[in-house]
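Undergrad: Below you will find the structure I want to go over with you.
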């Protein structure tokens with residue numbers, strides 16, 4: 001009995017000393033973080049109330065100051081009218097605040113860190129959060145305590161019991177090497193039982209990053225499974241919204257890169273292995289060589305409450321297989337696309353949502369191309385897909401990493417280039433790209449009519465040229481019409497070549513040339529319209545005959561072709577080095593990444609606005625009577641030019657106004673059809689309103705036709721005259 005009592009007393013004494021030591025250690029080490037997380041999750045001291053910047057209280061009436069401070073002190077009870085649930089989205093605090101001011105508040109009990117709020121529309125909205133319950137110490141405390149209890153439980157005399165504190169753990173790598181070097185299992189329970197707050201997510205990502213860099217020398221399948229279980233905890237759909245409040249917006253990219261680097265060190269033993277099969281991360285491995293048939297990875301995983309699994313497949317072409325035996329590993333992330341969208345919601349490097357699985361591959365050296373098949377999340381007919389690869393250094397989707405080889409309603413096939421910087425791939429949804437046979441039919445028919453109309457316009461101008469270019473004004477007017485028709489005709493020809501250009505060759509210089517010349521000639525169309533407006537203004541304000549025809553021609557060509565050349569050339573020089581000049585699906589100016597299309601839209605719409613102002617000026621000035629027949633003749637020509645500009649400018653402006661509207665996400669199909677109609681029939685409009693509706697041209701054309709008829713009759717009469725008959729008889 002005495003020995004049992006002695007043992008019990010020893011146990012009680014040990015537990016009392018251990019608990020007191022642990023409390024003091026927690027008190028001292030409360031600010032401990034991961035070795036590499038210092039400075040990123042540092043939260044400072046915890047106060048009774050929030051720390052608010054001086055901007056928050058400035059401008060608030062003194063009478064309301066005390067009430068405001070009292071409300072802010074009770075911040076956690078006023079958010080959304082309930083006690084704050086850390087990690088939820090959309091928390092608001094209805095209190096007076098100044099726009100763009102900031103405020104921070106300590107986290108709830110048992111959490112270290114703070115919650116940041118930003119004033120938006122007179123409401124405090126949650127912007128950042130670093131609340132964490134994890135630290136290096138908490139990861140391994142259970143193992144230290146268990147070791148001490150095991151020692152005390154044995155029947156060992158009290159005088160030899162060692163009550164010294166266990167050696168403190170200074171880093172994750174040290175703790176894992178000491179407690180669970182075989183499978184990393186010692187950290188699983190603590191991590192998986194922790195709440196997925198923004199601070200804990202950032203801590204776990206840094207934990208995984210440290211393991212990838214410090215403990216990846218001998219990765220086994222057991223280590224890979226434990227590693228993936230940790231990652232799975234923060235990839236859960238319930239944690240997606242909390243990623244948005246992590247201060248470091250590169251955290252999701254760090255997670256993806258860490259998982260890929262860790263998996264790179266894994267050795268695959270069998271021909272085919274299911275390495276990881278968690279709900280939010282899956283991994284498979286294959287042994288490959290040149291003599292084996294084409295290898296494939298297939299994934300099926302549920303996402304966003306889908307009843308059926310979302311499919312993804314990776315194929316390694318036979319010609320890409322290495323000659324020596326090697327291995328390939330693939331990893332599927334069903335929720336990472338939504339996390340990237342949440343984190344980069346305001347980041348233009350991610351302008352479109354991910355519409356499929358995110359698939360990573362780890363391939364041997366020399367293997368450059370991989371085939372992917374993605375099932376679409378959004379299977380709408382209007383949701384076009386773009387194959388992309390995640391560039392780990394640039395931390396954005398790279399549209400040049402992949403080519404879309406096939407797209408149907410629910411699936412997309414991609415051919416992607418694999419590099420050390422681009423190891424993860426997916427598809428982006430592009431609702432702005434409307435694929436409809438009606439649009440193709442309208443464009444085809446409209447362009448045919450437009451090209452025929454422009455050729456007919458040039459033929460008519462050539463036929464009546466000598467009869468209509470009487471004065472300098474009329475001469476320059478018809479020079480403008482001819483150059484407008486030529487510019488649009490060449491632009492339409494380039495458009496047809498562009499539409500038949502093979503998509504796989506878009507990275508070549510041919511696609512750059514197609515885009516450049518299309519941009520140049522479409523701009524020339526508008527700048528010649530602009531010169532017509534300047535011609536009108538000059539005709540009203542100045543006597544035209546004072547300027548030589550050659551000088552007017554020089555000015556016209558400088559504006560009509562010089563300005564477009566400068567704009568188009570500058571656009572190429574600025575955007576081509578960054579690979580943001582062309583669209584990924586066509587040889588035309590890019591919109592999503594560099595907004596290169598603005599180099600066409602802005603000049604065109606500005607010219608439309610200027611021309612409309614000119615028409616209004618003409619309408620006001622022509623109300624005053626003019627003196628002199630010569631001036632009256634010039635004024636009549638100016639009026640005809642003004643009518644032409646007044647009709648064509650709104651049509652051209654309306655056309656490209658609808659064109660800009662089609663760039664807005666979710667635009668109705670009607671806008672695309674109207675734009676296709678107006679754009680395709682521009683040549684017909686120029687023929688109709690610029691040539692046929694001009695009575696001077698019609699009169700000259702009738703005279704020309706009458707002259708031709710008269711010549712043909714004269715020739716016929718001459719051939720039937722008696723003189724010619726006698727000559728024939730004499731023969």
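Undergrad: Using R₀ = 25 Å, calculate the FRET efficiency as 1/(1 + (r/R₀)^6) where r is the Cβ-Cβ separation of residue 277 and residue 379; round to 0.05.
TA: Once the sixth-power term is evaluated, E becomes 0.45.
Undergrad: Given points 7 Å out from each Cα along the Cα-Cβ axis, report the residue 707 to residue 289 separation in nanometres with one decimal.
TA: Between residue 707 and residue 289, the simple spin-label model gives 8.6 nm.
Undergrad: Let me ask something additional. Between residue 554 and residue 493, what is the label-point separation in nm under the 7 Å Cα-to-beta-carbon projection?
TA: 2.9 nm
Undergrad: I would also like to ask the following. By how many nm would the segment from residue 369 to residue 122 grow when fully extended, if each residue of separation counts as 0.36 nm and the alpha-carbon distance is taken off?
TA: 83.7 nm
Undergrad: Which FRET efficiency, nearest 0.05, do residue 217 and residue 578 yield, Cβ-Cβ r, R0 41 Å?
TA: 0.60
Undergrad: Also, I was wondering about something else. With r defined as the distance between the Cβ atoms of residue 394 and residue 509 and R0 fixed at 25 Å, what FRET efficiency is calculated, to the nearest 0.05?
TA: About 0.60, to the nearest 0.05.
Undergrad: How long is the gain from residue 110 to residue 541 if the chain were fully straight, where each residue apart is worth 0.36 nm and the alpha carbon distance is subtracted?
TA: Computed gain between residue 110 and residue 541 is 147.1 nm.
Undergrad: Could you give the length gained on full extension between residue 606 and residue 99, defined as 0.36 nm per residue of separation minus the Cα-Cα distance, in nm?
TA: Extending this stretch completely gives an extra 179.1 nm.
Undergrad: Another one. Label point 7 Å out from residue 421 along Cα-to-Cβ: which residues of the stretch 563-591 have amide N under 20 Å?
TA: 573-584
Undergrad: What ranking do 186, 103 get, fewest neighbouring Cβ atoms within 10 angstrom at the top?
TA: Ascending Cβ contact count within 10 Å gives the list 186, 103.
Rule-based calculations on the coordinates, nothing more; no lab input. Owing to the predicted nature of the structure, the values given are computational and were not obtained by experimental measurement. As a convention, Cβ positions derive from the backbone with ideal geometry for all residues, glycine included, and neighbour counts pool all protein chains shown.
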